[in-house]
Amino acid sequence: DFCFSNFSSKCIINKQLPGCGFTEYCIGGPENVILCSPRKMLLKNKKDQHEFDVYLVVNEMDKESNIDKDLSKVDKNTNLDAELDEKFMDNNSEIYKRLYREIDEYCTSRSINGLPCKILVTYDSYRIVKDILEKLDRFYTFYTIVDEFQSILHDSRFKSDTELKFLEYLKQSPTAYFVSATPMMDEYLEMLDEFRDLPYYELDWGSADSSRVIKPELDVFVMRAVGEKASEVIQKYLSGDFESIVVLRNGIPTRVVSDEA
């Protein structure tokens, strides 16, 4: 009985548990969804898992930020200057025309087949998706999901203008769900005009069925040569030698395979 219409049009959703399946619902659910992520790699992984169901926005003008590779580094060159931003939104640019054509074709194909549209996009490129869908008179049919929204605040230390513009575009959206399993503390959200008055939901996984939350039994290894062990684990995944466990789901033994490391 879970569906997005149960939430306020603009709100914060605390998933409580990472890996709970919220993003999978965004992709597999019946609604038209724009799934916004701060990291290109996360979106590419979802595209690989759902190749024919989603459209991944590939924008060559978005710079690959060092933050994707090393969270301790601050890339001072990631802000799009005014000239670059103007080129990006130029309806005559080749990138814009390609994205317009591809999004139009994708949405039309999904509609003809009675399927919901699932568009994956980074925070930085959300504005062009919004612009194109408005021109196609489809934007009002989409739910905008801002995954890992705490990154808006974290990334502001090196691209504040970009993050503020993103929030401004979200204000113009009919929906905006700010989702995270680790949101900022309430006292900090209350300090920010963009989040202060938003309804705040926490997903409750235990009350209706306490067996849904299973704490894993972890084998703890102490090692000095981390690189050697890491290489061994990576090679096992590359060769398809996945570890698995059996858990009870609705009283039925179910094998769970770890294959997304």
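The values are calculated or read from the model by the stated rules, or taken from the named source; none is laboratory data. Worth saying up front: this structure is predicted, and the values here are computed from it rather than measured. Neighbour counts run over all protein chains shown; Cβ positions are idealised from the backbone, glycine included. Keep in mind that these areas ignore ligands, DNA and RNA; they rest on the heavy atoms of the full protein, side chains included. Shrake-Rupley method; radii C 1.70, N 1.55, O 1.52, S 1.80 Å.
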Asn113-Val257 pseudo-label distance in nm [points 7 Å out on the Cα-to-Cβ vector]: 2.4 nm
Extension gain (nm, one decimal) between Lys171 and Met185, 0.36 nm per residue minus Cα-Cα: 2.9 nm
Accessible solvent surface per residue of segment 110-243, calculated while the other protein chains remain in place, 1.4 angstrom probe, Å²: 60 Å²
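Above 24 Å lies some portion of the pair distances; for segment 142-261, what is it as a whole percent of all C-alpha pairs?
Value for segment 142-261 (Cα pairs over 24 Å): 56 percent.
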Residue-averaged 222 nm ellipticity for the chain, from DSSP H runs of 4+ at -39500 (n - 2.57), nearest 500: -10500 deg cm²/dmol
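Of the listed pairs Lys165/Lys215; Lys159/Lys236; Lys10/Lys135, which have alpha-carbon separations greater than 32 Å here? Walk me through the numbers before you get to the answer.
Numbers: Lys165/Lys215 40 Å; Lys159/Lys236 38 Å; Lys10/Lys135 23 Å.
Among Lys165/Lys215; Lys159/Lys236; Lys10/Lys135, the Cα-Cα distance tops 32 Å for Lys165/Lys215; Lys159/Lys236.
Applying a 10 Å radius around every beta-carbon, put 117-123, 148-154, 201-207 in order of their mean neighbour count, most first. Provide the component values of the computation, followed by the final result.
On the way: 117-123: 23.9, 148-154: 19.0, 201-207: 11.3.
Final packing ranking: 117-123, 148-154, 201-207.
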By average C-beta atoms within 10 angstrom, highest first, the peptides 102-114, 28-40: 28-40, 102-114
Distance between modelled label sites at Glu60 and Asp219, nm, 7 Å Cα→Cβ extension: 4.8 nm
Sparse-neighbourhood loop sites, GluC sites (Glu not before Pro) in segment 222-261 - DSSP loop, at most 15 other Cβ within 10 angstrom: Glu260
Among Asn250, Asn59, Asn45: highest mean-square fluctuation, GNM of the chain, C-alpha pairs under 10 Å: Asn250
Convex hull per residue volume in Å³, alpha carbons only, for the chain: 178 Å³
For segment 189-204, Karplus couplings with θ = phi - 60° (6.51, -1.76, 1.60), whole Hz, Gly/Pro x: 4, 5, 7, 9, 4, 5, 10, 4, 9, 6, x, 10, 10, 10, 6, 9
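Give me the net charge of Phe149's neighbourhood, meaning all other residues with Cβ under 13 Å from the Cβ of Phe149; Lys, Arg count +1, Asp, Glu -1. Write out the running numbers ahead of the final one.
On the way: positive: Lys10, Lys15, Arg39; negative: Asp147, Glu148, Asp155, Glu163, Glu194.
Summing Lys and Arg as +1 and Asp and Glu as -1 gives -2.
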Accessible surface of the chain, 1.4 Å probe, proportion on carbon and sulfur as whole %: 52 percent
